[in-house]
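Where a number appears in this text, it was derived from the coordinates with a stated rule and is not lab data. Computed from a predicted structure; not experimentally measured. We place every Cβ from the backbone using ideal geometry, glycine too, and count neighbours over all the protein chains shown.
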Amino acid sequence: MAYSPAKADTQPPVDAARIEEEIAYLAKRHRISPAIVREIIRRLGSAERSAVEREIRKGQSRR
């Protein structure tokens, strides 16, 4: 039977303080609530800044 080792995560773990700083920065920059930024991150499943900003712009264009 062949054994294939599990692949290691390529992304380093990000601590909660860093994520909260990023949320505060995006909320202030785009003049929206930090709760909205958290919801967008939760929906996307990623805290990547460019993806979150793209979603924020999409939402603002709907208003």
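Cβ under 10 Å from A47's Cβ, A47 left aside: what net charge do those residues give with Lys, Arg +1 and Asp, Glu -1?
Values: positive: R18, R38, R42, R49; negative: E22, E48.
Value of the local net charge: +2.
Multiplying the residue separation of K58 and K28 by 0.36 nm and subtracting their alpha-carbon distance yields 9.1 nm. Sequence-distant contacts, meaning Cα pairs under 8 Å at least 6 residues apart, place the relative contact order of the range 16-62 at 29 percent.
Can you sort R38, R54, R43 so the residue with the fewest Cβ neighbours within 10 Å comes first?
On the way: R38 16, R54 13, R43 10.
The order, fewest Cβ neighbours first, is R43, R54, R38.
Using the count of nearby Cβ atoms within 10 Å as a rough guide to exposure, how do S61, S46 rank from fewest to most? Mind dumping the intermediate values first?
On the way: S61 7, S46 13.
The most exposed by this proxy come first: S61, S46.
Think of the range 16-62 as having a plus end and a minus end, set by charges on the Cβ of Lys, Arg, Asp and Glu; of I36, S61, I19, S61 sits farthest toward the positive end of this dipole.
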